[in-house]
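The values are calculated or read from the model by the stated rules, or taken from the named source; none is laboratory data. Predicted model only: the values in this text are computed from it and were never measured. Neighbour counts are summed over all protein chains in view; Cβ atoms, including those assigned to glycine, are modelled from backbone coordinates with ideal geometry. The accessibility values were calculated without ligands, DNA or RNA, using every heavy atom of the protein model including side chains. Shrake-Rupley method; radii C 1.70, N 1.55, O 1.52, S 1.80 Å.
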Amino acid sequence: SCKEDVEKDLLRILSCQAESALSQGNNHEAAAYMQRCKDMLLRLPKDTAYLSLMCYNFGIDTYNLRKFEESAFWLSQSYDIGKMNVKYAKVLRLLATVYLEWDCHSFQEKALNAVNLANKECVSTSGLYLKIRILLRCGELKFTFKSRPQNMFSGLNEMLQCEVSLEVCLGTVKLLMSEDREVLAFEYLKRVCQRFESSPDLGTALVLHIELLLQRGKELLGKQKIEDIITGHYTGKQLTPQALTSLHVMLWDKASKHFEVCQTQNYSEALQWYNYSLSFFKAGQMEPNLAKLQRNRASCFLQLKQLEKAKEAIKEAERCDPDSIFTQFSVYKIAVQEKNNEQQETAMKALESLCENSKDEAQVLTALRSVRTEIFFKYTTGEFNNKIQLTLQKVSHQSHMTVEQRTDEANWFRKIAWNSALQCESSPDRMRDFFVLSYQLSQLCPPDRTLLMGQKTCLLMAAAAALEVCRKSPHSDQTEELTQALEHIQICWEIWKTLKASGSFPLDPTDTLLLLYEFEARAKLNDPKVETVLESVLELENIETKVLEIIAALAMEPPAHFPLLCKKALRVALSLHKKQPQADQACCSKCVHSLIKLSLPSGVSEVEAHVLEEVWDYYEEALSIIAAAVSQCQSHTAIPWLPPPVPSNRTAACLLYN
């Protein structure tokens, strides 16, 4: 008795040493300890189950580590130790799985032998299914077992003979399809349907059959099966609710795919699939899904220009679900088609409501993109335009959009805003708003040279439009407009500096235009910095006399009043005129005329001496101009003395294109 207890303790110690060695990765040492344990089983037969279970656990541990060779060894040991016990069939199934995942082609015989032996000892669903997997993976014709061919048909027959569930059989069909064994799968499915013909769950197999046919593009066969099911539905062979739901989903999916192709023949096909689904509903049945189905049918009828049938379908949808917003929308679509007169105002009202209420920015953007540009331009009020601006600016905060999606949306709307601005020539305030909107949207795009050029032009045109608004309303408070114009100009200066740092622009008039716009805005704001702007103008290379004449006119255009700056600009302009090889006598005379008029205040009886001296200098200048003209023409042609030109609202802007 004492010796037996010692041996039991020794077996436990040896098994623990085997477990320790295996956990340290020393499989060879663990196997040696286990062999000593096996040698002791002749004297300790009651510990067979314990030792077999330990080897099984070793097999599972190594299998989880993907050490298939070691796992196969330990599972074989487990079975060898406890093979007289039927419950060890699971060991064989796991062993077959190891061979399958390790290298099925090299161990195909061992894998199949293991699973066959397991099924022989204790047949099970998992064992039968595993056998099919092995046959599929390695090629059914390569196997022989006791001189008998081990083919797929025998494995499938064995599964049917063993009374496995319908669910397992259908899983096997799907497995065959996934391995491109289409012919075998359909043949087996046919036999499964025969085997479970009286089962209430037969509909599940029939629906799977239809699904597989449609997946393989066999629509005609699929339609025949559907029509057979419809016939059976009204002759006592109804599908279970679960199978019927699956069939409805399949039919609707097929219909929607045809509908999305957007061709007349496909709308007819879509309608046929929806009609199949409708066949399973009883007359007068009340169900939300039926309402949705009728709405889908109505959409098909509308695309097919069958308005009366569409109205009948929607009438049924209203009966089933009258409070649905989607049903009411379908009613609205039919009403619009009946009028057929382009309901732009209604469309814009709906769009405005969407922008106000939707929290889905992507949805709003999609709606805005669907509206034609001319409608967007024609019917957009100032208030609505502001709402659109706010909506579009949300793109920058849209967390669900990728950088590429955000850039695409911003670019699309940027171009729309630009084109809309160009259509607003008669409305400078709207032109300004659209150009500013285009600039704001461009800030959501990755910067490059082309984008910076677009931003510069947007801001330049926005500033010009803001100044034009002020010219058209000279007696109103212009402070806000002029301040905004200055903001646009300052940002434009920064962008222009960045562009100039990347290359030369010898013929670009941006410097001149920005200075002209800044001078006008600051002059009308009575900003003392206006003198600094004039100095910057005078520092321009190859300054044109026309620019100086415009500066002079702007310095005196109400509410601006800067006579000294006006005279300074005119004097420089006169000097430049005289330096020309052939001076323009008319322009010179205009400059002198304006200088004299500015120097002699009207309504004053006495003039200070220094003023008279200044005027006298101008008169002498005039005499020299006249004398030069006489010498050139050799005649006493009169020189016109006209007031200085006042630029129109296009004078400065046209420089951008000349």
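General observations
- Residue within the stretch 445-468 that is modelled with pLDDT of 90 or more, open to solvent by 70 Å² or more (accessible area, probe 1.4 Å) and under 30 Å from E557 (Cβ atoms) present: no
- Restricting T231, T235, T264 to residues that are modelled with pLDDT under 80, open to solvent by 80 Å² or more (accessible area, probe 1.4 Å) and either within 34 Å of the chain's Cα centre (by Cα) or hydroxyl-bearing (S, T, Y) (or both) narrows the list to T264.
- Which listed residue, of L600, L574, L595, L548, is hydrophobic (A, V, I, L, M, F, W, C) and modelled with pLDDT of 85 or more: L548
- From P528, P474, residue being out of contact with any Phe, Trp or Tyr (no Cβ under 6 Å at 6 or more places or on another chain), in contact (Cβ under 8 Å) with a residue 40 or more places away in the chain and not in a helix (DSSP H, G or I): P474
- Within the stretch 18-46, the set of residues being open to solvent by 70 Å² or more (accessible area, probe 1.4 Å), at pLDDT 85 or above and of a type outside the set (D, E) comprises S23, Q24, H28, Q35, R36.
- Filtered residues of the stretch 492-525 (kept if assigned to a helix (DSSP H, G or I) and open to solvent by 70 Å² or more (accessible area, probe 1.4 Å)): E494, K497, T498, K500, A501
- Residue count for the stretch 158-196, restricted to those that are open to solvent by less than 30 Å² (accessible area, probe 1.4 Å) and among the aromatic types (F, W, Y): 2
- Residue in the stretch 551-558 that is part of a loop (DSSP other than H, G, I, E, B), farther than 21 Å from W616 by Cβ and either in contact with a Lys or Arg (Cβ under 9 Å, 6 or more places away or on another chain) or among the hydrophobic types (A, V, I, L, M, F, W, C) (or both) present: yes
- Within the stretch 175-189, the set of residues being in a helix (DSSP H, G or I) and in contact (Cβ under 8 Å) with a residue 12 or more places away in the chain comprises L175, L176, M177, E182, L184, A185, F186, Y188, L189.
- The number of residues in the stretch 29-80 that are over 23 Å from E7 (Cβ atoms), aliphatic (A, V, I, L, M) and not in a helix (DSSP H, G or I) comes to 1.
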